[in-house]
Structures are given as C-alpha cells and as structure tokens.
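> What follows is a single structure, and I will ask about it in a moment.
The values are calculated or read from the model by the stated rules, or taken from the named source; none is laboratory data. Just so it is clear, the structure is predicted and the values come from calculations on it, not from any experiment. Ideal geometry is used to build each Cβ from the backbone, glycine not excepted, and the neighbour counts take in all protein chains shown. Accessible surface is based on the protein model in full, side chains and every heavy atom, while ligands, DNA and RNA are left aside. Shrake-Rupley method; radii C 1.70, N 1.55, O 1.52, S 1.80 Å.
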Amino acid sequence: ERVYQATASAIGHGSQLYVLMFKDQSEARRIDRMRADFIANASHEMRTPLASIAGFIETLQGPARNDPAAHEQFLQIMQNQTGRMAGLIDDMLSLSRLEMKPNLKPGTLVDIKQIVKSVLNSLKPLAEESGLVIECDFTDSPTQTAGDHDELYQVFQNLLENACKYGRDGERIIVTITSSNTPPHPGIEVAVRDFGPGIAEEHIPRVTERFYRIDTQTTQSRKGTGLGLAIVKHILTRHQGRLSIQSEPGKGSTFTVHLPTKNLC
Ligand code: ADP
C-alpha cells in the first residue's frame, strides 16, 4: 500500500493553472509503524518480568512473610527476572545504537578467523557447562575483510551463544570457516552447526524479526530476548553480508554468515 502527500500551487498571479505535487510518504509511514510496533513489543516484554517481580514482592510481604524457604526460592526467581530485564535493555540499547550509527567507514580491516576464535574462547565455560564439544574446521586462506570489529564480534557471539543455548547437551557444535576468491562472489563464510531441536520451516524466515521467539518447550525454557538474531541481521546488512539458515526439526540447525571481500581496500 502506497501513501502520497499532495500539494497544489498556483502558477503565477491570478492564474487558473495549478501544479499538483505528489510526495511518496510510504517509507516514512512504514518506519513510523515499525517504531510503534517496537515500542509496543518492548513494553510488553518488560511488563512480563516486572509483573512477576511485583507478584513475588506481594507474596513475600503477605502469605510467605514467615517462611524462610519461600524467601530463598522467591528471591532467586526475582533475581532471574531482573537479569532477564537487564538482558532485554542491553539488547534494545545495542539495536538502537546500531540504528543511529552512520554507515560503516570503508577500509578498516578485521580478521574473521581471529574474531571467531576469541568468541569461542569466551564461550568455553558456557559450552563446558552443557557438556558441548566444539569442533572447528577453519580454512588456511586469509580471512580478512573490511568491517567493524566489535559489531562482527557481536554477530558471532550471538550465533555461538544460541548454538550453546539450543544445542543438545553432550552433543557437538561444528564451526566451519571457508573463504573463496573466485568472482563473482568472493567472500568468507562462517557456518555454525548445532544438533539441537531445529527450527520448523515456517519459523525460519521469522526468527530474525525483533522479539520473535518460537513457542516450543525447549526454546521457551532457554533465557533470551528474541533480539539476538535481529541484531545479527542488522549488522550483516551494514556489512553488505547476509545470514542463511538451514534447519531440520529434531536434527539441528546451521546458521551461515556470508561476508563479501570485494569491499577490501
Ligand atoms: P533469543 O534471545 O530468544 O535466543 P534470538 O533472536 O537469538 O533470540 O533467536 C530467536 C529465536 O529463534 C529463539 O527464541 C529460538 O526460538 C530460535 N533459535 C535461535 N537459534 C536457534 C538454534 N540454534 N536452534 C533452535 N532454535 C533457535
């Protein structure tokens, strides 16, 4: 649906002739709608943990006032809920900062292999906690490209954290880096494969939308904000890259980052 704003101006003095100008307002309307949706979703997501905290405070002040075991349990739940709100705020700030950032400056070189290695190092404890084994298969070719180090670090952190979160305990996560110099699409690919619950076909195009979380037992039981993949998509678009997702429910998923190298200076 397209929306136009029309303005009429007379040509010269006392003339009967008018010029009608049409300005396409569709993009502005679309952005307004997206902003309103974002605020509605964000408020809803914040209300849920807040309502839970308020409920537990009321119980602690009333029926559970003299029950030390309930105190312990409810305080733990309240702590988890504040953690969830803090995560949500962090992700929302990341996203809004990204949106306000100017276009990327060309020419800053980053090494994708190095970035992936340092993310893997930082996630070791999380992977070990779930008994996950991370297997790496990295190309020997150079993996440098123009980009923003911190933004790309966040891309691989979000994807690898998801693989640890949703991957099946005791199973493998396979991280593969390949690079190709052949035209027409010289570039680097990083694939993160897990053997978790997988994603049904109808959800695949939607998981990169803001706040979209799949409503299954396994995925809902994991902590999250539904913003991680939206952030990944946003950053990759800024780098003229993209994310592709292959998944088979019950078998696992592969998230692949495609980054061009043609923007190398
Ligand atoms: P979240 O904070 O909920 O993990 P994301 O934006 O990172 O948010 O992911 C959106 C949703 O996509 C998740 O809630 C989950 O349902 C699904 N998802 C993401 N990664 C995986 C994965 N590796 N395996 C299965 N489902 C996934």
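> Please enumerate, by chain and number, the lysines with C-alpha under 16 Å from the C-alpha of Lys165, excluding those fewer than 8 residues away in the same chain.
Lys124, Lys223, Lys251
> Solvent-accessible area per residue for segment 96-156 at a 1.4 Å probe radius, Å²?
On the way: 3640 Å² over 61 residues.
Accessible area per residue: 60 Å².
> In the chain, what percent of the accessible surface is made up of carbon and sulfur (1.4 Å probe, ligands and nucleic acids excluded)? Mind showing how you got there, number by number?
On the way: 8650 of 16330 Å².
Within the chain, the accessible surface is 53 percent carbon and sulfur.
> Put one equal scatterer on each alpha carbon of the chain, apply the Debye formula with no solvent term, and list log10 I(q)/I(0) at q = 0.08, 0.11 1/Å to two decimals.
Summing over Cα pairs of the chain leads to -0.46, -0.75.
> Over segment 6-67, average the accessible area per residue using a 1.4 Å probe and give it in Å², no decimals. Intermediate values should be presented prior to the final figure.
Numbers: 4960 Å² over 62 residues.
Solvent-accessible surface per residue comes out at 80 Å².
> Work through the residues other than Arg29 whose Cβ is under 14 Å from its Cβ and net out their charges, Lys, Arg +1 and Asp, Glu -1.
Details: positive: Arg2, Lys23, Arg30, Arg33, Arg35; negative: Glu1, Asp24, Glu27, Asp32, Asp37.
Local net charge: 0.
> May I ask for the net charge around Tyr4, where only other residues with Cβ less than 9 Å from the Cβ of Tyr4 are counted and Lys, Arg are +1 while Asp, Glu are -1? Before the final figure, lay out the partial values.
Working: positive: Arg2, Lys23; negative: Asp24.
Net charge around Tyr4: +1.
> Compute the distance in nm between two label points, each set 7 Å from the Cα along the Cα-to-Cβ direction, one at Asp90 and one at Glu248.
3.5
> From the residues Ile174, Val207, Val116, which one has its Cα farthest along the dipole of segment 98-211 in the positive direction, the dipole being from +1 and -1 charges on Cβ of Lys/Arg and Asp/Glu about the Cα centre?
Val116
> So what are the ³J(HN,Hα) numbers for segment 202-215, from phi and the Karplus equation (6.51, -1.76, 1.60; θ = phi - 60°), rounded to whole Hz, Gly and Pro as x?
Running phi through 6.51 cos²θ - 1.76 cosθ + 1.60 with θ = phi - 60° gives 5, 8, 3, x, 9, 5, 8, 6, 5, 6, 7, 10, 7, 8 Hz.
> What is the local net charge at Pro142, summed over the other residues whose Cβ is closer than 10 Å to its Cβ (Lys, Arg +1; Asp, Glu -1)?
Details: positive: Lys113; negative: Asp111, Asp140.
Surrounding charge for Pro142 is -1.
> Continuing with this model, one more query. Shape of segment 35-165 from its Cα gyration tensor (a ≥ b ≥ c, root eigenvalues): rounded if a/c is under 1.5, otherwise prolate when a/b > b/c, or oblate?
Values: a/c = 4.33, a/b = 1.75, b/c = 2.47.
Oblate is the answer for segment 35-165, as a/c is 1.5 or above yet b/c matches or exceeds a/b.
> Which of the listed residues, Ile57, Ser26, Ala8, is farthest toward the dipole's positive end in segment 1-71, when Lys, Arg count +1 and Asp, Glu count -1 at the beta-carbon?
Ala8
> Can you give the convex hull volume of the alpha carbon atoms of segment 1-91 per residue, in Å³? Please report the intermediate quantities before stating the final value.
Values: hull volume 14.2 nm³, N = 91.
Convex hull volume per residue, Cα atoms: 156 Å³.
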